[in-house]
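Following: one structure in structure tokens, then a few remarks.
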Amino acid sequence: MTAESRDVIAAARSGSLDALGELYRRHADVVYALAYRMLASREDAADVLQDVFVGLPRALQSYAEQGRFESWLKQVTVRTCLMRQRSMRRKRETPLEEAVLETRAGPASHPLDRLAVRRALAALPETLRAVFALREIEGYTHAEIAVLLGISEGNSATRLARAWSQLRKELQS
Amino acid sequence: MRGEGMAGPVFEDRLREAATAATMLAAPEDAWERIAARVRDGEVVLLPVEDTRRRTTVFTTRGLRVAGMLLLVGGAAAAAVLPASPVRQWLAKVFNANRATDLRPPAVVVPDSTAPSPRPPLETTLVLEPANGEIVLALEAPEQDVSLVVRFVERGEPELRATGAAASAQFRSAAGRLSVASATGGVLVLTIPRTTTRVRVEVDGKAYLTKENGRIHVLAPAADTAGSEILLHIRR
């Protein structure tokens, strides 16, 4: 971590809105995309994004500054998403995305349609989608997912296999 | 267009790419204004910076412990009121012995409120700088509960990510070498880009994995592979 980052983190920790804004500028897209991958809903992802950054100054009190800040922030984001999933189980909406929306990656360049992929991901049960997103998109290992989600490595692998099976069925039918 | 007709691995690669691209969204434009307004209003949001599942388990365990203690105390109290019960005799003996011999005031332990409360980090990530194209990861006296995973990726920097108890291990770095001592559990994930030419992973000085001349040799006593990952089991 650079000295500059340390300064920004220290300032955000002590309540500087400017420093918090700087952290937001650097990491908001990562947090939002991760939350979207976990929750498959822009609205929920936007709520998580807000909560994470509103709560960040206080949460930074427990940040040991030993690793990459973004890794820690992503871990906090995943846990915030899991909390939200638990509290939302009462009124689960199917958050299908309306149309092909703008992304930073530009227009689709591969044969799997993005809207179809989004729909297929959104149709996955949240327990399967979380493992799929963490493993196949975010690059976590099964061991890390097990720690993060509080499940066994075997369970993580099983969920991933089921997610793949469902996606294959959905997208290849 | 759908993925019909694609072979399994091709489909999986395509879907991985598509899923990444389809979910790579930029944060909403008005989000920062809302966040800033909430912060200015003094709103407090408590984020789950620790493992909430574990906290729940601790709570449950604590509840069971308290219930057990109450049961014991209740049972002992009930037994003590019986005139000839061994509990009553034992209490009388202890009470008399203490009165006769120990007249000193009880020691008062004042907790040191200035001492920082140890809070282990949840994750530690370290970037490794190759020396002469080589990186060495050396584990010293790790517990067998430590999971050691080596991942090979296309690009990026070599890095070590430690989660769980491993995040609190002792890390020492030198040119091209990272030593990890006193890892008592958790997961260590060593990520190696394919461009790194020489790699050595050792446990207590014994080679567990090497990469040289484009060839990977797994020398650990036990290992599992899954795709581009190798799980090395710690054995003594």
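No value in this document is a laboratory result; all are computed from the given coordinates. None of these values were measured; they are calculated from a predicted model. Note that we place each Cβ from the backbone using ideal geometry, even for glycine, and neighbour counts take in every protein chain shown.
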Problem - Theoretical gain in end-to-end length, B:Asp13 to B:Val127 [0.36 nm per residue, Cα-Cα removed] - result: 38.3 nm
Problem - Label point distance in nm, B:Thr210-B:Ala37, each placed 7 Å from Cα along Cα→Cβ - result: 6.4
Completion exercise
Residues whose modelled amide H sits under 5 Å from the amide H of B:Thr125, counting only those 5 or more places away in sequence or on another chain, are A:Gly67, A:Arg68, B:Ala162
Practice task
Report the trypsin sites (Lys or Arg not before Pro) located in segment B:123-223 that are in a DSSP loop and have at most 12 other Cβ atoms inside 10 Å of their Cβ, or state none.
Solution key: B:Arg155
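Under a point-charge model restricted to the Cβ atoms of Lys and Arg (+1) and Asp and Glu (-1), what is the dipole moment magnitude of segment B:167-206 relative to its Cα centre, in debye to the nearest 20?
Here the size comes out at about 200 debye.
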Handout entry: Rounded to whole Hz, the Karplus (6.51, -1.76, 1.60) HN-Hα couplings of segment B:31-39, x for glycine and proline
Key = 5, 5, 4, 5, 4, 4, 5, 5, 5
Practice task
Specify which residue in the list B:Thr197, B:Ala222, B:Tyr208 is farthest towards the positive end of the charge dipole of segment B:190-236, using unit charges on the beta carbon of Lys, Arg (+1) and Asp, Glu (-1), about the Cα centre.
Solution key: B:Thr197
Practice task
Would you mind counting up the charge near B:Ala37? Only other residues with Cβ under 12 Å from its Cβ, with Lys and Arg at +1 and Asp and Glu at -1.
Solution key: -1
Handout entry: DSSP-loop GluC sites (Glu not before Pro) across segment B:118-168, with at most 10 other Cβ within 10 angstrom
Key = B:Glu154
Exercise for the section: Express in nm, to one decimal, how much length is gained between B:Glu143 and B:Arg194 on full extension, taking 0.36 nm for each residue of separation and deducting their alpha carbon distance. Expected result: 15.5 nm
Fill in the blank from the handout: Once amide hydrogens are built 1.01 Å from N within the peptide plane, the residues lying 5 or more places from B:Leu25 or on another chain with amide H under 5 Å from its amide H are A:Ala33
Practice task
Starting at the first residue of segment A:132-146, write each ³J(HN,Hα) from the Karplus equation 6.51 cos²θ - 1.76 cosθ + 1.60 with θ = phi - 60°, in whole Hz, x for Gly and Pro.
Solution key: 4, 5, 5, 7, 8, 9, 8, x, 6, 8, 4, 4, 5, 4, 4
